[in-house]
Amino acid sequence: MNDQTLVQRWRQTLDDIEEAARKAGRDPARVSLVAVSKLHPYQSIAELVQAGQLDFGENYVQEALEKQAEEGTVQRIRWHFLGRLQTNKARFLAGRFHLIHSLDRLKMARALNSKSLDYGVRQPVLIQVNLAEEEQKGGAAKDDLSRFAGEIHGLEGLKLRGLMCMPPFFDDGEQARPYFSRLRKLKEVLERDLGIDLPHLSMGMSGDYAQAIAEGATLVRIGTRIFGPRP
Ligand SMILES: *Cc1c(COP(=O)(O)O)cnc(C)c1O
């Protein structure tokens, strides 16, 4: 993790994202960095906000709410929720996150929908897909996806914006590439089946963001490469 500062690593990451987009023949403006700050202190977030980063990803509700409270009333940050969802936390999630990436169950969708309607908001969400059908990981089964997406699309309090995936971990990011390509195709099928536009593919982390960008990622979720190892 060398001796660069946090801000230097963040700048380098932005440069590398831009280069990956150009190499793939894509417009770099269509790829956004979500800096995954889970388990890192608010101070690090504040430093990056100062430098110009506005999208941050968190995995734990309690921790995310504490950081939002530290942010105070200025509220410039676009908070992304990436973690496992629990129905009893729906009231803390609805309306407080720019985008929830990890929706994967109808029961959760209904809970989130109900709270969003209570609060008078329309909560943007992505469906997380468990492409490799790994038991320990969240995500909707891909065989079920059309039906699930259709149900979410029908909920007034939610706004379906796209798909997210977390492929199995590989030392070589190139091996994750077929999963990214599969997610892109699933998104295209859903857009056609549901007749809607899904602008986002949230895919790619520290070790495989370049491959994800090559396959069409619009949001890359990068933690370790920017913040260093999690404590
Ligand atoms: C922690 C996490 C990341 C960031 O992973 P890094 O390997 O640290 O870049 C991205 N997405 C999700 C869903 C995560 O939980």
Output for Cβ contacts, cut-off 7 Å, separation at least six or different chains, first residue within 17 Å of R221 (Cβ to Cβ) in the range 46-63, second open to solvent by 50 Å² or more (accessible area, probe 1.4 Å) and in a loop (DSSP other than H, G, I, E, B), reads L54/R76
Looking at the range 207-214, is at least one residue in contact with a helix residue (DSSP H, G or I) (Cβ under 8 Å, 6 or more places away or on another chain) and more than 16 Å from the ligand (Cβ to nearest atom)? yes
If G72 meets every condition in (1) at pLDDT below 95; (2) under 28 Å from D15 (Cβ atoms) apart from one, which number is that one? (2)
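For a quick check of your reading: which strands (runs of 3 or more DSSP E) sit entirely within the range 139-231 and have at least 1 residues that are open to solvent by 30 Å² or more (accessible area, probe 1.4 Å) and of a type outside the set (A, V, I, L, M)?
On the way: elements: 158-165, 200-202, 219-222.
Of the strands (runs of 3 or more DSSP E) lying wholly inside the range 139-231, those with at least 1 residues that are open to solvent by 30 Å² or more (accessible area, probe 1.4 Å) and of a type outside the set (A, V, I, L, M) span 158-165, 200-202.
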Pairs under 9 Å by beta carbon, first residue closer than 16 Å to D208 by Cα in the range 16-29, partner among the aliphatic types (A, V, I, L, M) and surrounded by fewer than 16 Cβ atoms within 10 Å (Cβ to Cβ), six or more apart or different chains? A21/A29
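Output the residues belonging to the range 87-106 that are of a type outside the set (K, R), more than 26 Å from G204 (Cβ to Cβ) and either at pLDDT below 95 or not in a loop (DSSP other than H, G, I, E, B) (or both).
Initial filter on the range 87-106 (of a type outside the set (K, R)): 87-88, 90, 92-95, 97-104, 106.
If we keep only those that are more than 26 Å from G204 (Cβ to Cβ) too, we end up with 87-88, 90, 92, 94-95, 106.
Across the range 87-106, the qualifying residues are T87, N88, A90, F92, L106.
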Of the conditions (1) within 14 Å of the ligand (Cβ to nearest atom); (2) touching a residue at least 12 places away in the same chain (Cβ under 8 Å), Q136 clears all except one; give me its number. (2)
With the condition kept exactly as written, say whether any residue in the range 138-150 is under 14 Å from H101 (Cα atoms), modelled with pLDDT under 95 and not aromatic (F, W, Y). yes
Considering the range 28-55 alone, what residues qualify as being of a type in the set (A, V, I, L, M) and within 14 Å of the ligand (Cβ to nearest atom)? L33, V34, A35, V36, L39
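Taking the options R76, R84, name whichever one is away from the ligand (no atom under 15 Å from the Cβ), open to solvent by 20 Å² or more (accessible area, probe 1.4 Å) and outside any strand (DSSP E or B). Don't jump to the end; show me each part of the working.
Numbers: R84 fails: away from the ligand (no atom under 15 Å from the Cβ).
Only one candidate qualifies: R76.
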Which of the numbered conditions does R110 fail, given that it passes all the others? Conditions: (1) in contact with a strand residue (DSSP E or B) (Cβ under 9 Å, 6 or more places away or on another chain); (2) over 26 Å from I213 (Cα atoms); (3) part of a helix (DSSP H, G or I). (1)
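Would a scan of the range 45-61 turn up a residue that is within 20 Å of G138 (Cα to Cα), open to solvent by less than 50 Å² (accessible area, probe 1.4 Å) and in a helix (DSSP H, G or I)?
yes
The values are calculated or read from the model by the stated rules, or taken from the named source; none is laboratory data. No experiment lies behind these values; they were computed from the predicted model shown. All Cβ positions, glycine included, derive from the backbone under ideal geometry; neighbour counts span all protein chains shown. Side chains included, ligands, DNA and RNA excluded: accessible areas come from the protein's heavy atoms. Shrake-Rupley method; radii C 1.70, N 1.55, O 1.52, S 1.80 Å.
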